[in-house]
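Have a look at the structure below before the remarks.
The values are calculated or read from the model by the stated rules, or taken from the named source; none is laboratory data. None of these values were measured; they are calculated from a predicted model. Neighbour counts run over all protein chains shown; Cβ positions are idealised from the backbone, glycine included. We work out accessible area using only protein heavy atoms, side chains counted, and drop any ligands, DNA or RNA first. Shrake-Rupley method; radii C 1.70, N 1.55, O 1.52, S 1.80 Å.
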Amino acid sequence: MKEKLIFDLSHSGRKGYRLSPLDIPERSAESLLPSKFLRKEAAALPEIPESEVVRHFVRLSNLNYHVDKNMYPLGSCTMKYNPKINDYTCDLPGFASLHPLQPESTAQGALKLMYELEEMLREIAGMAAVSLQPAAGAHGELTGILMIKKYHEKLGKPRHKLLVVDSAHGTNPASAALGGYHTVSVGIDGSGCTDLEDLRAKLDDDVAALMLTNPNTVGIFEKKIPQIEKMVHDNGSLLYMDGANMNALLGITRPGDMGFDVMHYNLHKTFSTPHGGGGPGSGPVGVSERLVEFLPVPLVEKYEKEGRTCYRLNADKPDSIGRMMNFYGNFSVLVRAYTYIRMLGAEGLRRVSENAIINANYLLSRLLDNFSLPYPKPVMHEFCLSGDRQKKENGVRTLDIAKRLLDYGFHAPTIYFPLIVSEALMIEPTETEAKETLDAFADALIAIVEEAASNPEKVLSAPQTTPVKRLDEAQASRQLNICCPI
Ligand SMILES: *Cc1c(COP(=O)(O)O)cnc(C)c1O
C-alpha cells in the first residue's frame with residue numbers, strides 16, 4: 001500500500017483544532033516582530049483534521065518495522081522489547097520538564113537517580129566508578145580512550161598504539177583513530193577467541209591498551225582473559241572492554257573482576273531504550289581505580305547537609321579529561337535504564353542473560369543443518385552463521401536471504417558483519433522472544449534455504465511484499481559513499 005504525503009491529504013479549511021476567542025487586545029505581527037523576519041505569504045502547511053492526522057501516522061508506523069511489531073534479530077544491536085513502563089517514568093513531569101540550567105537544589109531527584117544508576121552500573125560490572133556522560137557506545141569508547149591517553153601521559157610515557165582484536169565492532173578502530181592512536185589489529189584463533197601468540201607478538205612498550213569485546217562479536221566468550229590480563233598489565237598497558245554485549249553477562253560475571261580498566265555500557269541496548277536510526281543512546285563508562293581521577297566532569301556526588309542527604313555536581317577534578325557532553329548526557333535514557341534495572345532487580349537481570357543465552361543456543365540448534373557455523377558452539381547471546389553454502393550451490397547470497405526474510409514478515413539479521421566471516425548472518429534473538437517466535441523465525445529461514453535450491457529467482461528478486469521493493473544498493477552505496485550492513 002502506498003501512503004500519500006500529508007500535503008496531498010490536505011484540504012483548504014479543514015482543521016484539527018479550534019482556539020477559544022481572544023480575550024486580550026489583538027496585536028499585529030508587525031508590532032511583535034521586526035518586519036524583515038515576517039513572511040510575505042502564509043506558510044504552506046497541510047490542513048487536515050485530527051482523525052486523518054492520527055490515521056496517516058498510524059499507517060506510516062505500520063509500514064515501518066519495529067520491535068513492537070515483531071522480532072528484530074539484529075546481531076550486535078540487542079534489539080530487545082522495551083517495557084513501556086520505562087517510557088512512563090521518563091515522561092513523569094518532574095523528569096520530562098526539567099530544565100538543564102535549573103539550580104541543583106531544585107533537581108535533587110534527578111541527581112539522586114543519576115547517582116543511584118551509577119552505583120548500580122558499578123555493581124553490575126564490578127568497576128570502581130562510573131560516569132553517565134557519553135551519548136552512545138562509540139562515544140564511551142572515545143571517552144575511555146582519552147582517559148587511557150591521559151593515564152600514560154601522567155606517567156610521563158605517552159604511548160601511540162592501541163591493539164584492537166580483529167572481531168571488534170568498527171567503532172573500536174574508529175574511536176582509536178579519533179583519540180589520536182595508531183590501531184594495530186590482533187587476530188583470532190580457530191576457536192574464535194583472541195590469538196594469544198599474535199597478541200604477544202604485537203605487545204610492545206608503545207602499546208597504550210588492548211580493546212576487546214567479551215563475549216566477542218562472533219558470540220563467543222573469551223576464555224583466556226586471565227592470561228590476556230596478565231600479559232597486557234605486565235606490559236604496562238591497559239585493558240579496555242567493549243561492553244555492548246553485557247546482555248550475556250548480567251549477574252553471571254563482571255568485567256571489573258576480570259581485570260578490565262575501562263569499559264562502556266550501551267544503556268540503549270542492554271538496559272532497554274528503543275534505538276536505531278541514530279539514537280537516542282547512552283554509553284556510560286566504568287573504570288578501575290587506575291583511571292578514576294581521569295573521569296569526565298562533572299561527577300555526581302552525595303553529601304550530608306544539616307542531617308539531610310543531598311546531591312551535587314562536582315567539576316573540580318584537576319586530572320579529569322574534561323567534559324564529553326553538554327549538561328548531563330541523554331537523561332531520558334538514564335531514566336529508562338534506571339527503571340528497567342529497578343523493575344528486574346538482581347535476580348531478574350541474571351535471568352535476562354540466562355534467557356538471552358538459551359534463546360541464542362536454541363535458535364542456533366534449529367539452523368545448524370542449513371547453515372555453516374564458522375566458530376564452535378556453544379555460543380553466548382548471539383551467533384554468526386555463514387551463507388557460503390547457499391552462495392556456492394545456488395548463487396543466492398546472504399543479502400538475498402536477508403531480503404527474502406522481509407517477505408516472511410521478519411526484520412533481517414545483521415549481515416556481512418563481522419568481516420571475518422564470509423557471507424555472514426549475525427543473529428541475536430534476545431531474551432524477550434518466546435519459543436514460538438524463535439521457531440517462526442527459524443522456519444522462515446529454513447523455507448528460504450529450500451526456495452534458494454528450488455526456485456532461486458524468488459529469493460534473488462525479493463522482497464515482493466514490502467512498500468519499497470528491491471533497491472539498487474550497489475548504486476545507492478556508490479552515490480552515498482557508504483557501506484551499511486543492510
Ligand atoms: C553497538 C556496538 C557498539 C557501538 O555502540 P553505539 O551505541 O552504537 O555507538 C560498539 N561495539 C559493539 C560490539 C556494538 O555492538
**OP:** May I ask you to give the percent of accessible area on the chain that is carbon plus sulfur, with a probe radius of 1.4 Å?
**Re:** 55
Original post:
Points 7 angstrom from Cα along the Cβ direction at Glu393 and Lys224: gap in nanometres?
Top reply: 3.5
Original post:
Taking the Cα centre of each part, how many Å lie between segment 287-335 and segment 377-456?
Top reply: 44
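Which entries in Lys4/Lys403; Lys392/Lys469; Lys230/Lys302; Lys15/Lys36; Lys202/Lys317; Lys391/Lys469 show an alpha-carbon gap greater than 32 Å?
On the way: Lys4/Lys403 25 Å; Lys392/Lys469 25 Å; Lys230/Lys302 35 Å; Lys15/Lys36 29 Å; Lys202/Lys317 35 Å; Lys391/Lys469 22 Å.
Exceeds cut-off: Lys230/Lys302; Lys202/Lys317.
In square angstrom, what is the accessible area per residue of segment 1-64 with a 1.4 angstrom probe?
On the way: 6080 Å² over 64 residues.
Result: 95 Å² per residue.
Rounded to two decimals, what is the ratio between the C-alpha radius of gyration of segment 32-74 and 2.2 N^0.38 Å?
Values: Rg = 19.0 Å, N = 43, 2.2 N^0.38 = 9.2 Å.
The reported ratio for this selection is 2.07.
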Subject >> Partners for Lys80 among aspartates and glutamates (Cα-Cα distance below 12 Å; same-chain residues under 8 apart left out) >> reply: Asp68, Glu428, Glu431, Glu433
Original post:
What are the semi-axes of the equivalent ellipsoid of the chain, taken as the square roots of 5 times the eigenvalues of the Cα gyration tensor, listed largest first and rounded to whole Å?
Top reply: 39, 36, 21
Subject >> Cα→Cβ-extended label distance, 7 Å offset, between Glu26 and Asp257, nm >> reply: 7.3
Original post:
Using a simple spin-label model with points 7 Å from Cα along the Cα→Cβ vector, what separation in nm is obtained for Asp205 and Gln464?
Top reply: 6.8
Original post:
Which of the aspartates and glutamates could a cross-linker span from Lys112 if the Cα-Cα distance has to be under 16 Å and same-chain partners fewer than 8 positions apart are dropped?
Top reply: Glu104, Glu301, Glu304
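Among the chymotrypsin sites (Phe, Trp or Tyr not before Pro) within segment 1-79, which fall in a DSSP loop and have no more than 13 other Cβ atoms within 10 Å of their own Cβ? Can you show the working numbers first?
On the way: sites: Phe7, Tyr17, Phe37, Phe57, Tyr65; in loops: Phe7, Tyr17, Tyr65.
Within segment 1-79, the qualifying chymotrypsin sites (Phe, Trp or Tyr not before Pro) (loop, at most 13 other Cβ atoms within 10 Å) are Phe7, Tyr17.
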Original post:
Under 13 Å from a point 7 Å along the Cα-to-Cβ line of Ala434: which residues of segment 39-74 have their amide N that close?
Top reply: 71
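With n ≥ 4 as the cut-off for DSSP H runs, can you work out [θ] at 222 nm for the chain, using -39500 (n - 2.57) per run divided by the number of residues, rounded to the nearest 500? Can you show the working numbers first?
Details: 17 runs with 184 residues, N = 486.
Mean residue ellipticity, 222 nm, calculated: -11500 deg cm²/dmol.
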Subject >> Column: log10 I(q)/I(0), Debye, Cα scatterers of segment 85-344, q = 0.13, 0.17 Å⁻¹ >> reply: -0.80, -1.30
Original post:
Which of the trypsin sites (Lys or Arg not before Pro) across segment 1-56 are loop residues per DSSP, with 15 or fewer other Cβ within 10 Å?
Top reply: Lys2, Lys4, Arg14, Lys15, Arg18, Arg27, Arg39, Lys40
